[in-house]
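Asks: One structure is given below, represented as structure tokens, and several questions about it will come after.
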Amino acid sequence: MTEFPLEPDAEAIREMGMRAIDFVAEQVEKWPRTPVWRPGATNPLLAPPPELPGELDKLLSMVGDAADRGLNTASAGYLAYFPAGGLISAAIGEMVAMSLNRFTGFAALAPELVAIEHSVIAWLCRLFGLPEGAGGLITTGGSLATLAAVVAARERGGGPDSVLYVGEYAHHCIAKAARLCGLPDDRIRIVPSTAELRMDAGRAAEMIAADRARGLRPFLLAAAAGSTSTGLIDPLDELGELAEREGLWFHVDGAYGAPFQLTERGRALLTGIERADSIVLDPHKSLFLPYGTGVVLVRSESALRAAHSGDGSYLHDIERCAGLPDYADIGPELSREWRGLRLWLPLHLHGIGAFRRALTEKLELAEFAHRELMRIPRLEVPWAPDLTVVGFRHRDGTAASRQLLERINGAGRYFLSSTEVAGAYTVRMCPLSVRTHAEQMEEVIRAIAAAV
Ligand SMILES: *Cc1c(COP(=O)(O)O)cnc(C)c1O
């Protein structure tokens, strides 16, 4: 045993890294042959840590056994919620970033590394047509990105009389963020949808007027750019114009849908997103990254700063770096890892074209699934997908739809989920994993046709 076992030398680092990479490669390689879902828990990982050293291979093998239980959200057959698969190149980037272990709360401490992270934010701001002065932050997910946006909106125009408007199919994280901000539940208005399942802009305008007449202060309108239940996009241009006319902060929840801006179809559907005061997107959904990666973009970085900046006498030694954001001042965290590399590395390594093609492929898979499901007489298919969320119901009703979902998932090859749309139980399928291709879609459609 070496004198300082917590400080491996170069050779020990190589050996540990090679074993870990071997483990990862074996895992990824076996996924096509293992079930997407396996219930139960049999692993003895719960023992307390020992006093003396363990063996890496043995410990990794225990992790492998534990990972075999539950839902394999990284497998090609995972079609529930919002799959991404998780790019291995991002995981490698993460390992590199963690090993360098630099502090990125203040740009001056790692200026070149923060510049790398910021280049991704600047690229995203341009991609969505945000003006000079826009900025943003990489967070651990969409919910925290939404919290930062809602806090910024409240700082600019919120108060005890403030009212916030979300759509019927909005993600609950917006209401949750409002609650965390101290906004009472009765200040959250749910705007109904049109028959096409999108936020009804006319109703939103009426509700805003009614609240003003009551002496309340409308301050934020949140639109979905790809709703979680349906994947459908609210009329962003119309809602953005309404928000502007009424002086409301316009938030676009593109946690799932916004990255489709990289595709031709997505760009057309997302028209109006450039009006946003804030945009949330989840690279751990539609940019195929591993979990723990969200982004908030704001039209004006100063709005995030006004809401988040803080000070402490123990921080006065730290200088400010012109032209680079201090993430500690524009988000809720102080200490933070170098979160940018997990995005920057895959984007530069694979090139944007690879992402564009993969997203276009997923759009085509959803279109294929929709077309094929429409041909199954016992199924009702309530909407044509904007992006990659496909819904269907058994014509015999909820119980039959539930049984259908159980039969599909029961085989262990595919995993779908359900939701409620227009008051009706709906099976929901979303081909979005980087590992899901035509072969899997053809197979799952055959499985659905056989199970219906
Ligand atoms: C997933 C999702 C969120 C929440 O993001 P997390 O990363 O899960 O916190 C918010 N909005 C929409 C539309 C989503 O799909």
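Asks: Can you give me the % of accessible surface on the chain that is carbon or sulfur? Probe 1.4 Å, all protein chains present, nothing else counted.
Replies: Values: 11560 of 21170 Å².
On the chain, the fraction of accessible area on carbon and sulfur atoms equals 55 percent.
Asks: Based on the Cβ-Cβ distance of residue 400 and residue 190, what FRET efficiency does E = 1/(1 + (r/R0)^6) give at R0 = 22 Å, to the nearest 0.05?
Replies: Values: r = 29 Å, r/R0 = 1.34.
According to the calculation, E is roughly 0.15.
Asks: Using a Förster radius of 60 Å, what is the FRET efficiency between residue 4 and residue 368 based on their Cβ-Cβ separation? Nearest 0.05, please. Walk me through the numbers on the way to the answer.
Replies: Details: r = 57 Å, r/R0 = 0.95.
Taking R0 as 60 Å, the efficiency between residue 4 and residue 368 is 0.60.
Asks: Also, quick follow-up: Go through the range 255-264 residue by residue and turn each phi into a ³J(HN,Hα) via Karplus (6.51, -1.76, 1.60, θ = phi - 60°); whole Hz please, and just put x for glycine and proline.
Replies: So the Karplus estimates, Gly and Pro as x, are 3, 8, x, 4, x, 5, 3, 6, 9, 4 Hz.
Asks: Here is a follow-up. Label point 7 Å out from residue 214 along Cα-to-Cβ: which residues of the range 179-203 have amide N under 12 Å?
Replies: Flagged as within label range: 185-190.
Asks: How many Å² of accessible area per residue for the chain, probe 1.4 Å?
Replies: On the way: 21170 Å² over 452 residues.
Per-residue accessible area for the chain comes out at 47 Å².
Asks: How large is the charge dipole for the chain, taken about the Cα centre, if only the Cβ atoms of Lys, Arg (+1) and Asp, Glu (-1) carry charge, to the nearest 20 debye? Walk me through the intermediate numbers first.
Replies: Working: 45 positive and 57 negative charges, 289 e Å.
Here the chain has a charge dipole of around 1380 debye.
Asks: Explain nothing, just compute: Karplus ³J(HN,Hα) = 6.51 cos²θ - 1.76 cosθ + 1.60, θ = phi - 60°, for every residue of the range 294-308 in order, whole Hz, x for Gly and Pro.
Replies: After applying 6.51 cos²θ - 1.76 cosθ + 1.60, I find x, 9, 10, 10, 10, 4, 9, 4, 4, 5, 5, 5, 4, 8, 10 Hz.
Asks: For residue 294, which sequence-distant residues (separation of 5 or more, or a different chain) have an amide H within less than 5 Å of its own amide H, given hydrogens modelled in the peptide plane?
Replies: Sorted by chain and number, the residues that satisfy this are 139, 140, 141.
Asks: Once the whole set of protein chains is in place, how much accessible area is left on residue 18, using a 1.4 Å probe, in Å² to the nearest 10?
Replies: Per-residue accessible area (residue 18): approximately 130 Å².
Asks: Now a separate question. Just add up the charged neighbours of residue 338: K/R +1, D/E -1, any other residue whose Cβ is under 13 Å from the Cβ of residue 338. Numbers along the way, then the final one.
Replies: On the way: positive: 102, 336, 339, 342; negative: 94, 112, 117, 333, 337.
Within the 13 Å Cβ shell, the charges total -1.
Asks: Could you tally the net charge around residue 401, taking each other residue with its Cβ under 13 Å from the Cβ of residue 401, Lys/Arg +1 and Asp/Glu -1?
Replies: Once positives and negatives cancel, what remains is +2.
Asks: Any chance you could run the full-extension gain for residue 438 through residue 334? It's 0.36 nm times the residue separation minus the Cα-Cα distance, nm to one decimal. Numbers along the way, then the final one.
Replies: Details: separation 104, 0.36 × 104 = 37.44 nm, distance 4.41 nm.
Value of the extension gain: 33.0 nm.
Asks: Also, quick follow-up: Counting Lys and Arg as +1 and Asp and Glu as -1, what is the net charge of the other residues whose Cβ lies under 10 Å from the Cβ of residue 114?
Replies: Working: positive: 102; negative: 112, 117, 326.
Once positives and negatives cancel, what remains is -2.
Asks: Sorted by average packing, counted as other Cβ atoms within 10 angstrom per residue and highest first, what order do 157-163, 297-303 take? If you can, show how the numbers build up before the last one.
Replies: Values: 157-163: 16.1, 297-303: 22.4.
Result, highest mean Cβ count within 10 Å first: 297-303, 157-163.
Asks: Moving on to the next point. Distances longer than 17 Å among the Cα atoms of the range 4-98: what percent of all pairs is that?
Replies: Details: 2775 of 4465 pairs.
Within the range 4-98, distances greater than 17 Å cover 62 percent of Cα pairs.
Asks: Pull up all non-local amide H partners of residue 421: gap of 5 or more, or a different chain, and H-to-H distance under 5 Å with H placed in the peptide plane.
Replies: Those qualifying (amide H under 5 Å, at least 5 residues apart or on another chain) are 426.
The values are calculated or read from the model by the stated rules, or taken from the named source; none is laboratory data. Since this is a predicted model, take the numbers as computed values, not measurements. Positions of Cβ are backbone-derived with ideal geometry, glycine not excepted, and every protein chain shown enters the neighbour counts. The accessibility values were calculated without ligands, DNA or RNA, using every heavy atom of the protein model including side chains. Shrake-Rupley method; radii C 1.70, N 1.55, O 1.52, S 1.80 Å.
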